[in-house]
Amino acid sequence: VNYIVVSFLGYMTFCGTTPANVLDGYPIAAPLPLAARFALAVQLTLVLTGVWLPLNRAAVVTFLYGMGAELPRLPIFALITALSLSAPLGLSALLGGSLALPLGLTSSVCLTIFMFILP
């Protein structure tokens with residue numbers, strides 16, 4: 001719902017000149033865009049910790065240890081989590097801070113998982 005509302009309002013505001021990230025078109029200090037940025041940050045944080053990390057850990061464990069393997073002990077589990085979080089951040093740093101490619105790759109992989117594997 002958040003994406004639909006922000007996308008619709010962004011298009012209604014900017015029409016054909018809508019930026020790739022709709023929120024970049026609004027002033028940084030304006031209260032409503034600031035609230036939308038905050039809501040998006042909260043939503044992405046909750047999705048990362050509640051959906052993406054568990055799915056990613058399970059995929060890595062299955063890849064490394066096979067189907068039905070138990071989760072490894074804490075040091076290996078923490079290492080998998082740290083590598084999963086640092087890989088997109090490292091790629092973003094190599095790209096000069098741009099998150100478009102890391103987010104695009106992550107989104108495409110997760111969307112594929114949700115569409116074809118989970119149902």
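The values are calculated or read from the model by the stated rules, or taken from the named source; none is laboratory data. This is a predicted model, so every value here is computed, not measured. Quick note on the areas: whole protein, heavy atoms, side chains included, nothing else; ligands and nucleic acids left out. Shrake-Rupley method; radii C 1.70, N 1.55, O 1.52, S 1.80 Å.
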Task: For segment 10-103: relative contact order, % (alpha-carbon pairs under 8 angstrom, 6 or more apart) - done: 13 percent
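For segment 1-81, what is the accessible area per residue in Å² when the probe is 1.4 Å?
Details: 5970 Å² over 81 residues.
Accessible surface, normalised per residue, equals 74 Å².
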Task: Accessible-area composition of segment 13-82, carbon plus sulfur, in percent [1.4 Å probe] - done: 74 percent
